[in-house]
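Notes to accompany the following structure.
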Amino acid sequence: MKRLPFLGIAVVAGLCIGTATSLASITQDDLGPVPDAGQITYQTTYVAMSPDCHEIALVIKADNRVQLRINGKADRTVDEIASLLYSPDSAHLAYLARKDKIWSIVLDGKESSLTAPPPSQLVFSGDGNHLMYITTIAAGQALVVDGAIQKIYSQVAQLAVGPAGFHYAYAVFGDNDQWEVVHDGVETEHGYSSIKQIRLSYDGRHVAFIGCRVKGDYMVERDGAVYGPYYEVSSPPALTPDGKHLTFGGYQLPPGAPLDVRGFPELDAYRVVDGDAVKSAPTTQILYSADGTHVLTVELHMIFNTNGTEIFYIDGIDCASCGVHEDVTRSPARARFACAGNGQLVVDNKLTADLAGVGPPLFSPDSQHLV
């Protein structure tokens with residue numbers, strides 16, 4: 001199977017973005033033979049390509065077992081394989097392997113950490129140098145970092161890692177019967193009945209998340225500072241890359257709020273920046289650029305009080321005229337935005353194509369091309 005790493009991407013980029021391409025610079029990688037139809041298994045959902053696009057690992061049938069192939073070469077045969085992933089720097093490959101009822105962590109071809117129940121949320125740190133996962137033992141659950149078990153809690157969930165360096169955060173259910181967040185090994189001060197949408201700043205030094213208290217109030221916490229309560233939080237918390245600023249969307253229930261046509265109370269929507277709330281259309285998504293100077297927001301606008309459509313803005317500029325309000329994505333370098341929908345494509349706030357149909361846009365690892 002010969003792979004042309006950026007041929008398709010370069011051609012589409014030239015069509016959609018007007019980027020000049022040089023076919024002479026394209027290289028080929030031999031990623032091995034393509035499996036035949038009889039070797040395809042439901043487990044081929046476990047296909048991983050390295051971020052540098054030079055390695056591919058996939059799982060195929062092997063009699064009554066499964067086999068891992070890396071660039072077409074057989075690596076090992078086991079009963080089951082799961083969570084196949086490359087490190088962000090493409091230097092390491094990790095996955096879960098089961099033989100009979102025993103699972104093991106396989107890192108760069110070496111087995112370790114045998115367990116009966118399978119570990120969950122196998123992830124690499126942003127710098128690619130550390131492997132983490134959640135394990136279940138008799139005493140409870142714990143995060144495992146490079147094979148070392150961290151503090152044990154009743155429950156551990158929602159592991160998140162920072163895009164750069166070695167930073168992580170996860171939710172834990174402690175002895176006080178409340179959920180808390182552990183950030184780089186340190187527990188946050190406040191407890192909640194539930195926690196969701198943990199987010200780390202790009203440098204990983206700051207953490208934000210949504211917490212719900214027993215009476216139903218929603219709070220947003222950043223580095224120990226709590227904002228709220230809100231009737232509901234409408235978007236995941238968004239941190240600037242340096243973590244100094246926090247933005248999210250929220251609802252409040254005004255006193256004596258009337259009911260809408262569906263029988264629900266009419267809520268006031270707000271955009272909240274560092275605790276300062278300003279009325280706005282409901283906000284469902286917020287993305288910052290790498291330097292923190294550009295922001296993309298997605299708002300829900302109602303039509304005839306019954307149907308809603310999402311419209312996105314870049315730096316406050318309404319992009320609804322482009323007819324695009326789906327599949328918002330950001331480049332790996334975090335400096336570019338793309339959005340597709342209704343047969344059109346927008347890149348960096350400019351309409352670049354009007355096609356019969358457009359699916360979710362995908363940036364190349366170097367952020368220079370789009371397919």
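Among 124, 173, the ranking by other beta carbons within 10 Å of each residue's beta carbon, starting with the fewest, stands as 173, 124.
Just add up the charged neighbours of residue 153: K/R +1, D/E -1, any other residue whose Cβ is under 13 Å from the Cβ of residue 153.
Working: positive: 151; negative: 175, 177, 180, 187.
Its environment carries a net charge of -3.
Arrange 317, 195, 152 by Cβ neighbour counts within 10 Å, fewest through most, would you?
Ascending Cβ contact count within 10 Å gives the list 317, 152, 195.
Here's the picture: charge each Lys and Arg Cβ at +1 and each Asp and Glu Cβ at -1 in segment 77-182, and of 130, 142, 103 the one pushed furthest to the positive end of that dipole is 103.
As a quick test, which of the pairs 215/279; 73/151; 151/196; 101/215 have an alpha carbon distance above 32 angstrom in this structure? Walk me through the numbers on the way to the answer.
Numbers: 215/279 24 Å; 73/151 39 Å; 151/196 21 Å; 101/215 42 Å.
Violating the 32 Å limit, Cα to Cα: 73/151; 101/215.
About its Cα centre, the dipole of segment 79-159 is roughly 260 debye, where the only charges are +1 on Lys and Arg Cβ and -1 on Asp and Glu Cβ.
Every number here is computed from the coordinates shown, using simple stated rules; none is lab data. Owing to the predicted nature of the structure, the values given are computational and were not obtained by experimental measurement. Note that each Cβ is placed from the backbone with ideal geometry, even for glycine, and that neighbours are counted across all protein chains shown.
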